[in-house]
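Asks: The structure follows.
The values are calculated or read from the model by the stated rules, or taken from the named source; none is laboratory data. None of the values given here were measured: they were computed from a predicted structure. Reconstructed Cβ throughout: ideal geometry from the backbone, glycine too, with neighbour counts over all protein chains shown. In case anyone asks, the SASA skips ligands and DNA or RNA and just uses the protein heavy atoms, side chains included. Shrake-Rupley method; radii C 1.70, N 1.55, O 1.52, S 1.80 Å.
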Amino acid sequence: MLTLDRVLDEIAHHPVEEQQIISNILQKRLIDERREEIAKRLKEAKRNYKTGKTKRFSSVSELWKNLND
């Protein structure tokens with residue numbers, strides 16, 4: 001298995017244009033992973049809402065007070 005240092009060293013040997021392409025690919029993959037994580041959390045939140053595991057607040061100040069208690 002490659003270590004992170006070895007991977008970075010290997011990338012450093014590539015031309016700058018290729019390094020930029022690699023960077024762009026990694027950024028897009030991270031965005032996709034974050035999007036998937038948000039979708040999972042949304043699905044869980046919806047499930048919790050449907051099963052009554054969430055609280056309802058009448059105002060933002062009420063929510064804020066509950067969060068800080």
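Asks: Nothing charged except the Cβ atoms of Lys and Arg (+1) and of Asp and Glu (-1): what's the magnitude of the dipole of region 1-66 about its Cα centre? Round to the nearest 20 debye. If you can, show how the numbers build up before the last one.
Replies: Working: 15 positive and 11 negative charges, 231 e Å.
Result for region 1-66 is approximately 1120 debye, rounded to the nearest 20.
Asks: Let me check something: with ligands and nucleic acids excluded, how do SER58, SER23 order by accessible area (1.4 Å probe), largest to smallest? Don't skip to the end; give the middle numbers.
Replies: On the way: SER58 110, SER23 45 Å².
Accessible-area ranking of SER58, SER23, largest first: SER58, SER23.
Asks: While we're on this one: How about the chain: which chymotrypsin sites (Phe, Trp or Tyr not before Pro) there are in a DSSP loop, with at most 16 other Cβ atoms within 10 Å of their Cβ? Write down the numbers at each step before the final one.
Replies: Working: sites: TYR49, PHE57, TRP64; in loops: PHE57.
For chymotrypsin sites (Phe, Trp or Tyr not before Pro) across the chain that sit outside H, G, I, E and B with at most 16 neighbouring Cβ atoms in 10 Å, the list reads PHE57.
Asks: State the volume of the convex hull built on the alpha-carbon positions of the chain, expressed per residue in Å³ and rounded to an integer. Provide the component values of the computation, followed by the final result.
Replies: Numbers: hull volume 12.9 nm³, N = 69.
Dividing the Cα hull volume of the chain by its residues yields 187 Å³.
Asks: Just to be sure I follow the rule: in the chain, considering lysines 8 or more places apart or on different chains, how many pairs have Cα atoms under 27 Å apart?
Replies: Total qualifying Lys-Lys pairs in the chain comes to 14.
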